[in-house]
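**Student:** Take this structure, written in structure tokens, and hold onto it; I'll ask about it next.
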Amino acid sequence: MSYSGKKVSLLTQHGKQDVMSPELLNSNGLEVVHVKDFDTDQLGTFTRDIPRYGSQLDAARKKARLGMNISGLTLGIASEGAFSADPYTGIFPWNYELVIFIDEIQELEVVGHFGGPAQSASKTVSNWSEVEAFLEECKFPEHQLVIRPDDAFHSECMKGIKELKSLKDAFRWATGKSREGNVFLENDLRAHTNPTRMANIMRATQDLSQKLTSLCPQCNVPGFWMAQKIKGLPCSECATPTHLPIADVWACAKCNFKREIELQSKTADPSRCPNCNP
Ligand SMILES: [Zn+2]
Ligand SMILES: [Zn+2]
């Protein structure tokens with residue numbers, strides 16, 4: 001089956017439709033209906049004022065369902081981002097983006113993912129020259145800023161600062177409200193204010209698009225994709241099973257059909273073997 005020509009709701013207020021809609025139309029023929037009659041910030045913000053609704057997947061699912069309810073469509077899409085440290089060194093800011101597709105009638109959920117570097121810098125400053133020194137690191141003005149008095153947890157803030165003049169005004173405002181003249185600056189992480197994040201949302205949407213074009217050989221429903229790796233590639237010297245993968249398992253998102261696909265490499269280098277190189 002194919003979704004070509006079908007309408008799908010997309011609940012977003014932060015301009016994500018600009019990157020998501022063309023991709024879904026070009027790759028899957030899905031016609032995106034942009035739904036904006038709901039304040040998605042109620043489901044959580046990155047500026048710590050409102051905690052996120054459940055997990056990243058829960059929040060995306062909730063948004064998709066809301067968009068389907070508002071539009072009356074049986075297909076829905078929504079995205080949700082998360083920020084943490086990078087998975088390799090744990091030092092650099094990282095951004096995980098997730099895009100969910102729900103088909104109410106097929107009772108199907110397909111999820112696209114992407115993880116990549118985030119533009120998520122922050123700094124506490126106390127004078128204007130410290131602000132200027134931070135502008136390169138936070139990639140201003142292409143990436144917008146949030147400013148607040150004192151520290152990261154002050155209840156008042158100004159978001160979406162994108163010009164030097166408004167930054168100066170906001171700095172004056174925050175300094176005036178601060179206890180000791182300190183001001184907290186950070187990148188605005190909302191999609192329309194952060195091009196690095198927007199590009200990551202695009203890649204997660206591409207991942208979803210690809211999964212939607214892959215049909216299950218048994219039930220013909222989209223979303224047939226690699227679900228698991230089987231470890232145990234044998235060592236080329238002693239044939240001991242290693243932690244390297246020997247096969248991929250592809251699984252249907254709807255029925256229980258699975259297919260094991262052996263990987264090209266048949267043996268592992270002895271340097272990866274628990275017996276030859278313990
Ligand atoms: Zn070995
Ligand atoms: Zn299936």
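**Student:** Working only within region 253-262, note down all residues that are modelled with pLDDT of 95 or more and outside any strand (DSSP E or B).
**Tutor:** F257
**Student:** Still on this structure: Any chance region 224-246 includes a residue that's free of Cβ contacts under 8 Å to residues at least 12 places away in the same chain and either within 16 Å of ligand 2 (Cβ to nearest atom) or under 28 Å from the mean Cα position of the chain (by Cα) (or both)?
**Tutor:** Scanning region 224-246, I find no residue that is free of Cβ contacts under 8 Å to residues at least 12 places away in the same chain and either within 16 Å of ligand 2 (Cβ to nearest atom) or under 28 Å from the mean Cα position of the chain (by Cα) (or both), so the answer is no.
**Student:** Within region 43-54, is even one residue closer than 27 Å to A251 by Cβ and of a type outside the set (S, T, N, Q)? Steps first, answer last, please.
**Tutor:** Keep residues of region 43-54 that are closer than 27 Å to A251 by Cβ, which gives 54.
Still in the running and of a type outside the set (S, T, N, Q): 54.
Yes, region 43-54 contains a residue that is closer than 27 Å to A251 by Cβ and of a type outside the set (S, T, N, Q).
**Student:** If the Cβ limit is 9 Å and pairs must be 6+ apart or interchain, which residue in region 66-86 that is under 18 Å from H14 (Cα atoms) pairs with which residue that is of a type in the set (D, E) and part of a strand (DSSP E or B)?
**Tutor:** If the second residue must be of a type in the set (D, E) and part of a strand (DSSP E or B), the pairs left are G76/D103; S79/E97; E80/E97; G81/E97; A82/E97.
**Student:** Check region 201-223 and report whether any residue there is crowded, with 18+ Cβ neighbours inside 10 Å, more than 16 Å from ligand 2 (Cβ to nearest atom) and either over 24 Å from T12 (Cα atoms) or at pLDDT below 95 (or both).
**Tutor:** Scanning region 201-223, I find no residue that is crowded, with 18+ Cβ neighbours inside 10 Å, more than 16 Å from ligand 2 (Cβ to nearest atom) and either over 24 Å from T12 (Cα atoms) or at pLDDT below 95 (or both), so the answer is no.
**Student:** Could you tell me which residue of region 41-50 is surrounded by the most Cβ atoms within 10 Å (Cβ to Cβ), considering only residues that are within 17 Å of the chain's Cα centre (by Cα) and assigned to a loop (DSSP other than H, G, I, E, B)?
**Tutor:** F46
**Student:** Please go through region 9-34 and pick out each residue that is buried (at least 17 other Cβ atoms within 10 Å of the Cβ) and either free of Cβ contacts under 8 Å to residues at least 24 places away in the same chain or over 23 Å from A199 (Cβ atoms) (or both).
**Tutor:** Once the filter is applied, which keeps residues that are buried (at least 17 other Cβ atoms within 10 Å of the Cβ) and either free of Cβ contacts under 8 Å to residues at least 24 places away in the same chain or over 23 Å from A199 (Cβ atoms) (or both), region 9-34 yields S9, Q17, S21, V33.
**Student:** Taking only region 188-231 into account, find how many residues are in contact with a helix residue (DSSP H, G or I) (Cβ under 9 Å, 6 or more places away or on another chain), of a type in the set (V, I, T) and farther than 15 Å from L98 by Cα.
**Tutor:** Final tally of qualifying residues: 1.
The values are calculated or read from the model by the stated rules, or taken from the named source; none is laboratory data. Just so you know, these numbers come straight off a predicted model, no measurement behind them. Heads up, the Cβs are rebuilt from the backbone with ideal geometry, glycines too, and the neighbour counts pull from every protein chain shown.
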